[in-house]
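The values are calculated or read from the model by the stated rules, or taken from the named source; none is laboratory data. Just so it is clear, the model here is predicted, and its values are computed rather than measured. Here the Cβ is made from the backbone with ideal geometry for all residues, glycine too, and neighbour counts use every protein chain on show. In case anyone asks, the SASA skips ligands and DNA or RNA and just uses the protein heavy atoms, side chains included. Shrake-Rupley method; radii C 1.70, N 1.55, O 1.52, S 1.80 Å.
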Amino acid sequence: QVLLVESGGGSVQAGGSLRLSCAASGRSASTNFYTKAWFRQAPGKEREFVAAISWSGAYTDQADSVKGRFTISRDNARNTLYLQMNSLKPGDTAIYYCAAKIETGTYYSGYNYWGQGTQVTVSS
(Lines give C-alpha, C1' and ligand atoms only; values in the text may rest on other atoms or scores of the structure.)
Protein backbone atom coordinates (compact mmCIF):
# COMPACT_ATOMS: atom_id res chain seq x y z
CA GLN A 1 0.00 0.00 0.00
CA VAL A 2 1.43 3.39 -1.08
CA LEU A 3 -0.23 6.79 -0.79
CA LEU A 4 1.19 9.91 -2.46
CA VAL A 5 0.14 13.21 -0.87
CA GLU A 6 0.96 16.63 -2.32
CA SER A 7 1.27 19.77 -0.21
CA GLY A 8 2.55 23.33 -0.48
CA GLY A 9 0.05 24.75 -2.95
CA GLY A 10 -1.70 28.06 -2.46
CA SER A 11 -2.40 31.48 -3.94
CA VAL A 12 0.43 33.85 -4.87
CA GLN A 13 1.00 36.97 -6.92
CA ALA A 14 2.71 36.79 -10.30
CA GLY A 15 6.46 36.66 -9.82
CA GLY A 16 6.19 34.84 -6.51
CA SER A 17 7.43 31.41 -5.49
CA LEU A 18 6.05 28.19 -4.06
CA ARG A 19 7.63 24.89 -3.04
CA LEU A 20 5.51 21.77 -3.54
CA SER A 21 6.14 18.50 -1.74
CA CYS A 22 4.90 14.97 -2.41
CA ALA A 23 5.31 12.50 0.43
CA ALA A 24 4.89 8.75 0.08
CA SER A 25 3.35 6.94 3.03
CA GLY A 26 1.94 3.56 3.94
CA ARG A 27 3.36 0.10 4.39
CA SER A 28 5.33 0.33 1.14
CA ALA A 29 6.38 3.97 1.38
CA SER A 30 10.01 3.03 0.68
CA THR A 31 9.16 1.39 -2.65
CA ASN A 32 11.94 1.99 -5.17
CA PHE A 33 10.19 4.41 -7.49
CA TYR A 34 12.94 4.89 -10.05
CA THR A 35 11.15 7.75 -11.80
CA LYS A 36 9.07 10.49 -10.21
CA ALA A 37 7.37 13.41 -11.90
CA TRP A 38 5.06 16.38 -11.63
CA PHE A 39 2.07 16.98 -13.89
CA ARG A 40 -0.51 19.74 -13.86
CA GLN A 41 -4.02 20.33 -15.14
CA ALA A 42 -5.39 23.82 -15.73
CA PRO A 43 -9.14 24.54 -15.85
CA GLY A 44 -10.63 23.29 -19.09
CA LYS A 45 -7.35 21.82 -20.32
CA GLU A 46 -5.71 18.40 -20.52
CA ARG A 47 -3.19 17.21 -17.96
CA GLU A 48 0.35 18.09 -19.03
CA PHE A 49 3.87 17.07 -18.09
CA VAL A 50 5.85 19.51 -15.93
CA ALA A 51 9.07 17.82 -14.78
CA ALA A 52 10.59 14.42 -13.98
CA ILE A 53 13.59 13.06 -12.11
CA SER A 54 15.55 9.79 -11.94
CA TRP A 55 16.37 7.82 -8.76
CA SER A 56 19.62 9.61 -7.99
CA GLY A 57 18.53 12.99 -9.28
CA ALA A 58 21.35 12.96 -11.82
CA TYR A 59 18.91 13.18 -14.72
CA THR A 60 15.99 15.58 -14.90
CA ASP A 61 13.68 16.95 -17.55
CA GLN A 62 11.36 19.94 -17.59
CA ALA A 63 8.69 21.15 -19.94
CA ASP A 64 9.77 24.09 -22.07
CA SER A 65 7.08 26.24 -20.46
CA VAL A 66 8.72 25.95 -17.02
CA LYS A 67 12.41 25.51 -17.89
CA GLY A 68 14.56 27.99 -16.01
CA ARG A 69 11.79 28.70 -13.49
CA PHE A 70 10.96 25.33 -11.89
CA THR A 71 13.38 22.86 -10.29
CA ILE A 72 12.53 19.25 -9.45
CA SER A 73 14.36 17.35 -6.70
CA ARG A 74 13.87 14.34 -4.42
CA ASP A 75 14.95 13.08 -1.01
CA ASN A 76 14.80 9.30 -1.06
CA ALA A 77 15.56 9.00 2.66
CA ARG A 78 12.36 10.93 3.32
CA ASN A 79 10.40 9.35 0.44
CA THR A 80 9.61 12.87 -0.74
CA LEU A 81 9.54 14.64 -4.10
CA TYR A 82 9.81 18.43 -4.42
CA LEU A 83 9.06 21.11 -7.00
CA GLN A 84 10.52 24.57 -6.45
CA MET A 85 8.52 27.07 -8.52
CA ASN A 86 9.93 30.56 -9.05
CA SER A 87 8.81 33.49 -11.20
CA LEU A 88 5.27 32.16 -11.25
CA LYS A 89 2.91 33.34 -13.97
CA PRO A 90 -0.90 33.33 -14.17
CA GLY A 91 -0.55 30.59 -16.80
CA ASP A 92 0.91 28.31 -14.12
CA THR A 93 -2.46 28.19 -12.36
CA ALA A 94 -3.47 24.52 -12.18
CA ILE A 95 -3.87 21.51 -9.96
CA TYR A 96 -0.43 19.95 -9.57
CA TYR A 97 -0.11 16.17 -9.25
CA CYS A 98 2.87 14.06 -8.32
CA ALA A 99 3.38 10.71 -10.02
CA ALA A 100 5.73 7.77 -9.64
CA LYS A 101 6.65 4.50 -11.31
CA ILE A 102 9.04 1.69 -10.57
CA GLU A 103 9.96 1.21 -14.21
CA THR A 104 12.57 3.10 -16.16
CA GLY A 105 11.81 4.56 -19.56
CA THR A 106 10.11 7.66 -20.86
CA TYR A 107 9.53 10.54 -18.46
CA TYR A 108 6.27 11.49 -20.11
CA SER A 109 3.95 8.51 -19.57
CA GLY A 110 3.49 5.18 -17.85
CA TYR A 111 3.00 6.43 -14.28
CA ASN A 112 0.81 4.16 -12.18
CA TYR A 113 0.95 5.90 -8.78
CA TRP A 114 -0.68 9.32 -8.42
CA GLY A 115 -1.44 11.83 -5.70
CA GLN A 116 -4.74 13.67 -5.28
CA GLY A 117 -3.29 17.03 -6.32
CA THR A 118 -2.67 20.43 -4.78
CA GLN A 119 -4.07 23.70 -6.12
CA VAL A 120 -1.73 26.47 -7.29
CA THR A 121 -3.31 29.82 -8.15
CA VAL A 122 -1.25 32.71 -9.53
CA SER A 123 -2.93 36.11 -9.78
CA SER A 124 -1.83 39.01 -11.95
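What is the percent carbon and sulfur in the accessible area of the chain, measuring with a 1.4 Å probe over the protein chains and ignoring ligands? Let's see the in-between values first.
Working: 2990 of 6400 Å².
Carbon with sulfur: 47 percent of the solvent-accessible area.
What relative contact order, as a whole-number percentage, does the stretch 22-62 give when Cα pairs under 8 Å and 6 or more residues apart are counted?
Relative contact order comes out at 30 percent.
Can you give me the accessible area per residue for the chain, using a 1.4 Å probe, in Å²?
Result: 52 Å² of accessible area for each residue.
Would you check the accessible area of Tyr34, probe 1.4 Å, heavy atoms only, in square angstrom rounded to 10?
Rounded to the nearest 10, that gives 80 Å².
Relative contact order of the stretch 28-95: what whole-number percent is it, with Cα pairs under 8 angstrom and at least 6 residues apart?
27 percent
For the chain, calculate the relative contact order in percent as a whole number, restricting contacts to Cα pairs under 8 Å that are 6 or more residues apart.
This gives 35 percent for the chain.
How far apart, in nm, are the 7 Å Cα→Cβ label points at Ala77 and Ile102?
Result: 2.6 nm between the two label points.
Each label point is 7 Å from the Cα along the Cα-to-Cβ direction; what then is the distance between the points at Ser56 and Ser123, in nm?
Placing both labels 7 Å beyond Cα along the Cβ direction yields 4.5 nm.
Full-extension gain between Gln116 and Ser7, please, as 0.36 nm times their residue separation minus the C-alpha to C-alpha distance.
Working: separation 109, 0.36 × 109 = 39.24 nm, distance 1.00 nm.
Answer, rounded to one decimal: 38.2 nm.
Could you tell me what % of all Cα pairs in the chain have separations over 19 Å? All intermediate terms of the calculation are to be shown ahead of the outcome.
Values: 3195 of 7626 pairs.
That tail contains 42 percent of the Cα-Cα pairs.
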